[in-house]
Structure formats: structure tokens, C-alpha cells
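Enquirer: One structure, pasted below without further comment.
Taken together, the values in this text are just the output of simple stated rules run on the coordinates, not laboratory data. Nothing here was measured: the structure is a model prediction, and the numbers come from that model. Cβ sites come from the backbone with ideal geometry, for glycine too, and all protein chains shown count toward neighbours.
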Amino acid sequence: MSSTEKYERAIRESQHEVLRGRPSSELADETLRVLIHLFKTDAREDRDVGAMTTKLAMEQSLLQYHLEQLQKHQMVENESERHLYSRTYWGLTPEGRKRVVEGKLI
């Protein structure tokens, strides 16, 4: 197993550790942090994966994991298909906004 594979495995295991004991519908704190960032962000360029990794001080693969968790719960959507540029932008769905507001996350 390469060092990259070991690192990725450690990330997966730590995520499972964080999620253990929580209801399956509950999101990890770091996942909620990504959701809140998208809620508070107006500028499209701040919803680009590259910009979010910098603003949230998070590795891109870890950010992608959290975005996938949010997408699985239908709280975010990938908006890149609507644009000509190769950047990956994410946006909140009505369900994502509802989670932030009703969950009193801010």
C-alpha cells in the first residue's frame, strides 16, 4: 500500500470514527461547516472547489468528500454543467438552506 493510499484510508477511517454513534441523517461537523460556508457565500468564485479549499483550510479530497455527503442528502448541487469554464462550482438547494435555517446553524 502506497503512502497516498494509507493517507486516504486514514481519512476514511477518521470520518467513520466521527460518524459512528450519530444517526445516519446527522452530518459531521466538518460537513456542516461546508454547508454553512455555501450558505454565507454570495460570490460564485467563492463557491469554486479551489476557493473553498483555501477558505476552509481543507484538502481538496476531504472537501470533495463533504460535498458528496451534502449532495447525497440533496443539500447541494454541482452547478458546473451550466457554465463553459472547467471550474467546479457548488450551490445550495432549498433543502440545504432549510437545514441551515431550521437547524439554527448560524
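Enquirer: Pull up all non-local amide H partners of TYR89: gap of 5 or more, or a different chain, and H-to-H distance under 5 Å with H placed in the peptide plane.
Expert: Long-range HN contacts for TYR89: GLU79, SER80.
Enquirer: Now a separate question. Fully extended, how many nm does the chain gain between LYS40 and SER61 (0.36 nm per residue separation, minus their Cα-Cα distance)?
Expert: Once the chain is fully extended between LYS40 and SER61, it gains 5.4 nm.
Enquirer: Let me ask something additional. Given H placed on each backbone N at 1.01 Å, which residues far from VAL76 in sequence or on other chains put an amide H within less than 5 Å of it?
Expert: It is GLN71, THR93, by chain and number.
Enquirer: Rounded to the nearest 0.05, what FRET efficiency is calculated for ASN78 and VAL101 with R0 set to 22 Å and r the Cβ-Cβ distance?
Expert: Working from the Cβ atoms, E equals 0.50.
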